[in-house]
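*Asks:* Sharing a structure below in structure tokens format, with a few things to ask.
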Amino acid sequence: MSSNNCYDVTTWPVGNPSEDVGEVINSIIADIKARQTVTDVNNGGKPGAVIYIPPGDYHLRTQVVIDVSFLRIQGSGHGFTSSSIRFNVPEEEWVGLHELWPGGSRILVDIPLGEDGEESKGAAFYVARSGSPRISSIEFSNFCIDGLHFTPDGSGMPPENTYVNGKTGIYVADANDSFRVNGMGFVYLENALTVYKADALSIHDNFIAECGSCIELRGWGQASKITDNLVGAGPKGHSIYAENHGGLLITANNVFPRGASSVHLNGVTRSSITNNRLHSFYPGMVILANSSENLVATNHFLRDHEPWTPFLGVDNGLDDLNGLLRVSGSNNTVVANHFSQIIDSESIRPAGATPVIIRLKAGVANFVSNNHVVAMDVHSTSSDSCFEAQVDALLTTQAADSLAVTAVMVDSESARNTILDSGSDAQVIADRALNAFRATPTVGFQAAHAFVAQ
Amino acid sequence: MSSNNCYDVTTWPVGNPSEDVGEVINSIIADIKARQTVTDVNNGGKPGAVIYIPPGDYHLRTQVVIDVSFLRIQGSGHGFTSSSIRFNVPEEEWVGLHELWPGGSRILVDIPLGEDGEESKGAAFYVARSGSPRISSIEFSNFCIDGLHFTPDGSGMPPENTYVNGKTGIYVADANDSFRVNGMGFVYLENALTVYKADALSIHDNFIAECGSCIELRGWGQASKITDNLVGAGPKGHSIYAENHGGLLITANNVFPRGASSVHLNGVTRSSITNNRLHSFYPGMVILANSSENLVATNHFLRDHEPWTPFLGVDNGLDDLNGLLRVSGSNNTVVANHFSQIIDSESIRPAGATPVIIRLKAGVANFVSNNHVVAMDVHSTSSDSCFEAQVDALLTTQAADSLAVTAVMVDSESARNTILDSGSDAQVIADRALNAFRATPTVGFQAAHAFVAQ
Amino acid sequence: MSSNNCYDVTTWPVGNPSEDVGEVINSIIADIKARQTVTDVNNGGKPGAVIYIPPGDYHLRTQVVIDVSFLRIQGSGHGFTSSSIRFNVPEEEWVGLHELWPGGSRILVDIPLGEDGEESKGAAFYVARSGSPRISSIEFSNFCIDGLHFTPDGSGMPPENTYVNGKTGIYVADANDSFRVNGMGFVYLENALTVYKADALSIHDNFIAECGSCIELRGWGQASKITDNLVGAGPKGHSIYAENHGGLLITANNVFPRGASSVHLNGVTRSSITNNRLHSFYPGMVILANSSENLVATNHFLRDHEPWTPFLGVDNGLDDLNGLLRVSGSNNTVVANHFSQIIDSESIRPAGATPVIIRLKAGVANFVSNNHVVAMDVHSTSSDSCFEAQVDALLTTQAADSLAVTAVMVDSESARNTILDSGSDAQVIADRALNAFRATPTVGFQAAHAFVAQ
């Protein structure tokens, strides 16, 4: 029914895209597959298709199931706006707002959730195909997936602040190759993007915020990249998570609060977390769990306090001894990072403890060098305005007092590490008989040093 | 009048896009707003729209005023070509040129300038909306904004070389969220892109050159990114400027000459300038003014001489004691940068001075480590061909003499800094009693050091 | 024949795009040029056009010749799938495969090769224009160029594994400005993308794999960027190569095996290789040949063994003394890189040698600091499944033995280098009288050092 493999959800004769764009897209996919019958005659393939979603509101009440390669679904607008701010505006003021909802090419996820709690049932886009080859080159581009509302989680938190609703934006279940997610917007989903078994996946230049978890690479995978995204999860979720991946490149992302972690790697090897801007309200910003031979370099870590009234008192359950960066694993490289720890000493947990910045929990032979730790003791403030509160906090040029911190703590389960120029002698807790250590020189050091060297 | 929120300036019934695309787009925006009346019935929003500008020439004689969220304006070609080179070709040779002007989806800014000198009056695209929420998710994508001509500035410089014309490409006046500027071309504008009060702005993969100033983030803002752009301003302007921002990520940009600065931060905190390639003809390439806790890492700085005849003798007024990187602020991290200073010692100002590479002007507790300074004394040459002159200069493998420089100079207003492995003892001017210092080892150092260590 | 400079290959009246899209596109280009007659009346230019290639199979039997600026050729799908894996599946199993070929907007390169062996004759897209100005702002976006088959190379390797077929995807012959290659897929071409004389070129976010060579910047050029690509060449070719370039920024790429090199610079100055993830099966991953003042920083290097049965025994001819990074040139900066060398000591060549990680072959005054080398001795394993083998290899958390390596070897033709914290005293082979050296501290160092400093 399409002469050139270009489809538009608003002109497809089956279904009503405003009422259920899922039914429409599934019908289009069926058409694509029915038409793709030729194989290997004169090297002819199955080219897939592009499905266009113009700007507009599209309820999705039927899960889209993708099992054909080379499908591109694209819109004309990532359409993010903050639903979180809106839901925390008193309802009587909504009438004065210019708009209430995200926009662009917007999918409204109204899908019925699985009664059995099966996570994949709540996915707007579900990609699955077994057999060979792996499904390839699916592209999601420049549209908005909006989970609409969060739901009560039993904590007493107002429902729209729970980050819970059982909905997922895109869920890829089976092994896949050369997928792309570019220019998308995700908002108010419990899970934005969940991909199992990825090879050469590119997640680039997306806006993924106000979701429980944002990017999760599960199962295993290799040679992928998560680059140049704006990302921020909820207090119980992951902003960027990967497990059992090798050769993953996580770079040039700007990761906002308030995820439980900014980047969490579990069983990941020979991967890079470089050149990201990371901001969190809790300890445990970057976690390398059972992860080895990774490079963590030239990232900017900022940990400060939640300034927005609705989330005051929420945290990720970790105390300040956990470190902003926690490493369990071996042979990792942690170099040239900046850490700013800007907290109220009254809030430190356990009370009276010296907060830790880099903690080596377990493993051997990590290389920690040339990291700069800034720590200041500030009085917490908060505001009813999310944006203003954050800007104020970020811009405060601290005339504050310095805060004593442990720049690097090496646990007894970790040994043979090399720690250079990442803290003064007093700031590094490590068994000097088991780890190589060179303190960052302090004033007065130079004289003795120069004397010896000449 | 659009059934699916997709507009094309060439088919819209109001106005003539070739004569005044501004009138056309304003009429489209009025239509979008008139049609967006439904709010919050069944979670239905105001989705905005996409306005398409096909390849072609479109004079803009009426300022486009954008006050509706979720608007995407897109073309099919960034259309950059060098107008500067063309205007410096003798006019009698123009007849032999393949083309004279930029192209692609090209806006020719013919807007009348404000008589009162109000900068925003000269903007082709003016975005403004007060009230709540902040205007969100405006996207500019893949078209060209051409200011056409520069005008006399009273200096005697030929008019087309002044970088002055009172025109701005895009001017965002009010607080905004989640904007995107991607794949655009900007040329011959006094100001290319000026954004006030940005939150989560993405300026990505654009070509912004031959403009007085290129990217200016003014007012205040947070959590934005300027990534993967090709940028080059004029001698009086900024290539990349931000003020009162927090959490800004400036990475993977290739910044050409001849901006007065490459990156200038004013009152910016907890931000990153990492992984950029920066090239300038003047000192003062990166300026941190009243800016603290920022990370400046793994950038490549090249400062050499203007090689193109029309701009010989032009500079930014700074002498060579200013440094290529100048820091006023505290707790910044400057690590793992490469600096090449390739200049003619005859040109040094003040005459006979030792040029400075990194200058810490004021503040405390900056961390400067592992920076590598290369400095060579070359004879200046110039050429009538802009491109060839630059390539020649860049490719000259210097058999030149070394040039003595001060790798790091710490002023008396700056103290408690840590300076490691960023210059030899002779190359670092800092009060050793007030700053921690470790000289980059030189040949012969090793013996003594090893002796002590064993 | 187009009223708005938008063309679609499937609706153009000349030629049959399925049979020969080259004829169609050339006819469109002729139309564009015929229609672009107006110049400089009222600042009116020659805007170029956009040519759309919908998803589908398009044989290309006539070379496309581009000699007009501001042309954008775009598709709706990069369409990569692994042809290499498919061709190494037993043919009797092909019937069970979901699909056999790449897809998306797919160009099938069926071009007759030049009998004279002239490389440019085998290019699907050939860009050439002499005179002034340089051809500008050509954009290739989001389509697939598929070379279909490799051919016998006389080595006895099965034809589809040779990476040889005389075909090139895009070949730019003449000086050019502000080109863009974004979102493309290239597969099974002997050369994917070859660009001579580039200025301000952007190669961004492409998928270029299973090609003999992927990205080659030849001749000379400046101020370009190769960013955020997924790239992997064949054993005789280059993944990323540049010659005589200045100011090139190579960042955020994920470079897979099995290129002879990952990044090879020849006569390149003042450029950056930063923040890439590089993986190779051979030594000689990054080569700086006659290249000076470059920055190589925060890259992750992994060299391990070919795990996939069809390519066992293939290599690039370099032995393990060549280093993973080899530098001939002066004043380069090599900082904050991670190197993992994970090989079977039985395979080391010359047998019994100590493998080298960083080798400074010739030149002076390179700065090598804060690099971390991990080396382990593993038993090689292989698999018939390309993907699984690689994932397994990447994820193996090595309980393996350490492997002795030379972290840095400085040849006698290289001198006055500075080598800091990049290997222990025993791991660095350098004439201490000619090079400045500080060993990475080892356990026990601290005591003596601290003693002196206090």
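*Asks:* Report yes if residue C:262 is closer than 18 Å to residue C:328 by Cα, polar (S, T, N, Q) and facing chain B (nearest Cβ under 9 Å), otherwise no.
*Replies:* Criteria not met by residue C:262.
*Asks:* Which of the residues that make up the stretch C:371-384 are open to solvent by 40 Å² or more (accessible area, probe 1.4 Å) and not acidic (Asp, Glu)?
*Replies:* C:379, C:380, C:381, C:382
*Asks:* Could you tell me which residue of the stretch B:293-320 is farthest from the other protein chains (Cβ to nearest Cβ), considering only residues that are open to solvent by 10 Å² or more (accessible area, probe 1.4 Å) and among the polar types (S, T, N, Q)?
*Replies:* Looking at the filtered set, the residue picked out is B:316.
*Asks:* Follow-up question, since we're still on this one. So which residues in the stretch A:108-125 are among the hydrophobic types (A, V, I, L, M, F, W, C) and away from chain B (no Cβ under 11 Å)?
*Replies:* A:111, A:113, A:123, A:124, A:125
*Asks:* Within the stretch B:345-360, track down each residue that is in contact with a strand residue (DSSP E or B) (Cβ under 7 Å, 6 or more places away or on another chain) and open to solvent by 10 Å² or more (accessible area, probe 1.4 Å).
*Replies:* Scanning the stretch B:345-360 gives B:345, B:354, B:359.
*Asks:* Tell me yes or no: at least one residue of the stretch A:41-53 is at the interface with chain C (Cβ under 8 Å from one of its Cβ atoms) and of a type in the set (Phe, Trp, Tyr).
*Replies:* Among the residues of the stretch A:41-53, not one is at the interface with chain C (Cβ under 8 Å from one of its Cβ atoms) and of a type in the set (Phe, Trp, Tyr), which makes the answer no.
*Asks:* Now for a different question. Output the residues belonging to the stretch C:274-292 that are more than 10 Å from chain B (Cβ to nearest Cβ) and within 22 Å of residue B:341 (Cβ to Cβ).
*Replies:* C:288
*Asks:* Give me the pairs, please: first residue somewhere in the stretch B:309-321 and in the same structural domain as residue B:411 (by TED's automatic domain parsing), second residue anywhere and open to solvent by 40 Å² or more (accessible area, probe 1.4 Å), beta-carbon distance under 7 Å, and either six or more positions apart or on two chains.
*Replies:* Hits for this filter: B:309/B:382; B:309/B:384; B:310/B:88; B:312/B:382; B:319/B:349; B:319/B:350; B:320/B:349.
*Asks:* With respect to residue C:141, determine if the residue is in contact with a Lys or Arg (Cβ under 8 Å, 6 or more places away or on another chain), in contact (Cβ under 8 Å) with a residue 60 or more places away in the chain and not acidic (Asp, Glu).
*Replies:* Criteria met by residue C:141.
*Asks:* Next up: Scanning the stretch A:3-14 for residues that are more than 19 Å from residue B:44 (Cα to Cα) and modelled with pLDDT of 95 or more, which turns out surrounded by the fewest Cβ atoms within 10 Å (Cβ to Cβ)?
*Replies:* That would be A:13.
*Asks:* Just give me the residues in the stretch B:22-69 being open to solvent by 20 Å² or more (accessible area, probe 1.4 Å) and assigned to a strand (DSSP E or B), in sequence order.
*Replies:* B:52, B:57, B:65 - these are the residues of the stretch B:22-69 that are open to solvent by 20 Å² or more (accessible area, probe 1.4 Å) and assigned to a strand (DSSP E or B).
*Asks:* Okay, next question. Looking at this structure, is residue B:15 away from chain A (no Cβ under 14 Å), touching an Asp or Glu at 6+ places or on another chain (Cβ under 6 Å) and over 21 Å from residue B:210 (Cα atoms)? Give the derivation first.
*Replies:* On the way: away from chain A (no Cβ under 14 Å): yes; touching an Asp or Glu at 6+ places or on another chain (Cβ under 6 Å): yes; over 21 Å from residue B:210 (Cα atoms): yes.
Answer is yes for this residue.
*Asks:* Check the stretch B:24-34 and report whether any residue there is under 19 Å from residue B:182 (Cα atoms), away from chain C (no Cβ under 14 Å) and either under 33 Å from the mean Cα position of the chain (by Cα) or among the acidic types (Asp, Glu) (or both).
*Replies:* Checked against the condition, which is being under 19 Å from residue B:182 (Cα atoms), away from chain C (no Cβ under 14 Å) and either under 33 Å from the mean Cα position of the chain (by Cα) or among the acidic types (Asp, Glu) (or both), the stretch B:24-34 yields no hits at all.
*Asks:* Still on this structure, please answer the following. Does at least one position in the stretch B:324-340 carry a residue that is part of a strand (DSSP E or B), open to solvent by 10 Å² or more (accessible area, probe 1.4 Å) and either free of Cβ contacts under 8 Å to residues at least 12 places away in the same chain or more than 8 Å from every other protein chain (Cβ to nearest Cβ) (or both)?
*Replies:* Scanning the stretch B:324-340, I find at least one residue that is part of a strand (DSSP E or B), open to solvent by 10 Å² or more (accessible area, probe 1.4 Å) and either free of Cβ contacts under 8 Å to residues at least 12 places away in the same chain or more than 8 Å from every other protein chain (Cβ to nearest Cβ) (or both), so the answer is yes.
*Asks:* Out of (1) surrounded by 24 or more Cβ atoms within 10 Å (Cβ to Cβ); (2) more than 10 Å from chain A (Cβ to nearest Cβ); (3) more than 13 Å from the chain's Cα centre (by Cα); (4) not charged (D, E, K, R), what's the single condition that is false for residue B:217?
*Replies:* Every condition holds for residue B:217 apart from (3).
*Asks:* Considering the stretch B:188-204 alone, what residues qualify as being more than 19 Å from residue B:130 (Cβ to Cβ) and open to solvent by 10 Å² or more (accessible area, probe 1.4 Å)?
*Replies:* Across the stretch B:188-204, the qualifying residues are B:190, B:191.
*Asks:* Would you point out the residue of the stretch C:54-69, among those that are touching an Asp or Glu at 6+ places or on another chain (Cβ under 8 Å) and under 30 Å from residue A:48 (Cβ atoms), that is nearest to the other protein chains (Cβ to nearest Cβ)?
*Replies:* Here the residue is C:54.
*Asks:* Of all residues in the stretch A:70-104, which are part of a loop (DSSP other than H, G, I, E, B), at the interface with chain B (Cβ under 8 Å from one of its Cβ atoms) and either open to solvent by 50 Å² or more (accessible area, probe 1.4 Å) or out of contact with any Cys (no Cβ under 9 Å at 6 or more places or on another chain) (or both)?
*Replies:* A:81, A:89, A:97, A:98, A:99, A:100, A:101
*Asks:* How many of the residues in the stretch C:366-399 are over 21 Å from residue A:222 (Cα atoms) and either at pLDDT below 80 or at the interface with chain A (Cβ under 7 Å from one of its Cβ atoms) (or both)?
*Replies:* Residues that pass the stated criteria total 2.
*Asks:* For the stretch C:223-252, enumerate the residues that are polar (S, T, N, Q), closer than 27 Å to residue A:253 by Cα and within 12 Å of chain B (Cβ to nearest Cβ).
*Replies:* C:224, C:227, C:229, C:251
*Asks:* Name the pairs: first residue in the stretch B:8-34 and among the small types (Gly, Ala, Ser), second residue assigned to a helix (DSSP H, G or I), Cβ to Cβ under 8 Å, at least 6 apart or on different chains?
*Replies:* B:15/B:21; B:15/B:23; B:15/B:24; B:15/B:27
The values are calculated or read from the model by the stated rules, or taken from the named source; none is laboratory data. Here the structure is a predicted model, which means the values were calculated and not measured. Positions of Cβ are backbone-derived with ideal geometry, glycine not excepted, and every protein chain shown enters the neighbour counts. Quick note on the areas: whole protein, heavy atoms, side chains included, nothing else; ligands and nucleic acids left out. Shrake-Rupley method; radii C 1.70, N 1.55, O 1.52, S 1.80 Å.
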